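What follows is one structure encoded as C-alpha cells, with my remarks underneath.
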Amino acid sequence: MPLILPKTGYYEMEEKKSKFIGHCAPVHTVDEAKAFIEAIRRQHKDANHNVFAYSVTEGNIIRFNDDGEPSGTAGMPVLNVYDKTGIINWVCVVTRYFGGTLLGAGGLVRAYSKAAKGAMTDAGPEELIIYTMHTVTCAYSNHDRVKYNFDKAGFQVLEWIYTDQCQAIVRIREDQFAEFSEGLFYTYEDLQNEA
C-alpha cells in the first residue's frame, strides 16, 4: 500500500557551514503544493536557494526545481528520497543558506537528500488505508445475527436504516473486502439453514 504524510515535517542541519532546512507537507493538488512552496520562500526570502519537489496523484504530476543549484544536484535528489519510499501526494522544500564553502556535486546531493529525508521522517509517513462503503439488507428477524457477525469481524457499521427491512451502511478497509464478502455469504447460508 502507498504511504502518505499525516502532517508537515521539519528538519535542520549544517554541512560545512551551509545551513539546510527541510520542510514537507501532504498535498492533494498542484495548487496546494505551489502555495506551500511560496509560503516557505516567503519565510526564507533571504536564503540562497529554496529547492523543491512535489508529486500529486491527481493528473500524475511530478515537478522539481534546483533553484540555481547545479543541474541535478538538488531538486532531483529530493524527489528521489520520496519516490523510493512510495509516498504519494507530497511536497518538500529544502532551503539552503550558503556558508561560504563549496560542497561539490556529490556533497550537494547528499545534503539535499539528507534534509529531505529528515523532514519526511519528522512527518512520520503512514500507510494509506482505503475504505469502501457497502449497504447490506436483511430481514428484521436476522438483524441481531448480522450485527453480531459484523461486530465479530470488526467491520464498522456507520448506520442502521429501518424500513420494511434492515439496512446496514458498512465501512470496511479495501483489503478486507474478500473477508467481508465471504462473511456475508456464510451469514446468508447460516440464516437459510436456520429458516
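Laid out as a table, the results:
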{"read-out": "Residue match in the range 65-75 (condition: over 13 Å from Lys117 (Cα atoms), of a type outside the set (Ser, Thr, Tyr) and assigned to a strand (DSSP E or B))", "value": "yes"}
{"read-out": "Verdict on Thr101 being in a loop (DSSP other than H, G, I, E, B) and either among the aromatic types (Phe, Trp, Tyr) or buried (at least 19 other Cβ atoms within 10 Å of the Cβ) (or both)", "value": "no"}
{"read-out": "Unique residue being in contact (Cβ under 8 Å) with a residue 12 or more places away in the chain and within 18 Å of Gly22 (Cα to Cα) when the list is Ala139, Ala115", "value": "Ala115"}
{"read-out": "Residues being free of Cβ contacts under 8 Å to residues at least 40 places away in the same chain and in contact with a helix residue (DSSP H, G or I) (Cβ under 9 Å, 6 or more places away or on another chain) - total across the range 165-181", "value": "6"}
{"read-out": "Filter pass, Lys45 being more than 22 Å from Ala105 (Cα to Cα), part of a loop (DSSP other than H, G, I, E, B) and in the same structural domain as Val93 (by TED's automatic domain parsing)", "value": "yes"}
{"read-out": "Options Phe185, Phe180; residue that is exposed (fewer than 12 other Cβ atoms within 10 Å of the Cβ), at pLDDT below 80 and not polar (S, T, N, Q)", "value": "Phe185"}
{"read-out": "Filter pass, Ala33 being in contact with a strand residue (DSSP E or B) (Cβ under 7 Å, 6 or more places away or on another chain), among the hydrophobic types (A, V, I, L, M, F, W, C) and assigned to a loop (DSSP other than H, G, I, E, B)", "value": "no"}
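Residues are listed down the side, and each one gets a yes or a no for (1) closer than 24 Å to Glu126 by Cα; (2) surrounded by fewer than 17 Cβ atoms within 10 Å (Cβ to Cβ); (3) modelled with pLDDT of 95 or more:
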residue: Pro2; (1), (2), (3): yes, yes, no
residue: Glu14; (1), (2), (3): no, yes, no
residue: Lys17; (1), (2), (3): no, yes, no
residue: Phe20; (1), (2), (3): no, no, yes
residue: Ala35; (1), (2), (3): yes, yes, yes
residue: Gln43; (1), (2), (3): no, yes, yes
residue: Ser71; (1), (2), (3): no, yes, no
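The values are calculated or read from the model by the stated rules, or taken from the named source; none is laboratory data. These numbers come from a predicted model, not from an experiment. We place every Cβ from the backbone using ideal geometry, glycine too, and count neighbours over all the protein chains shown.
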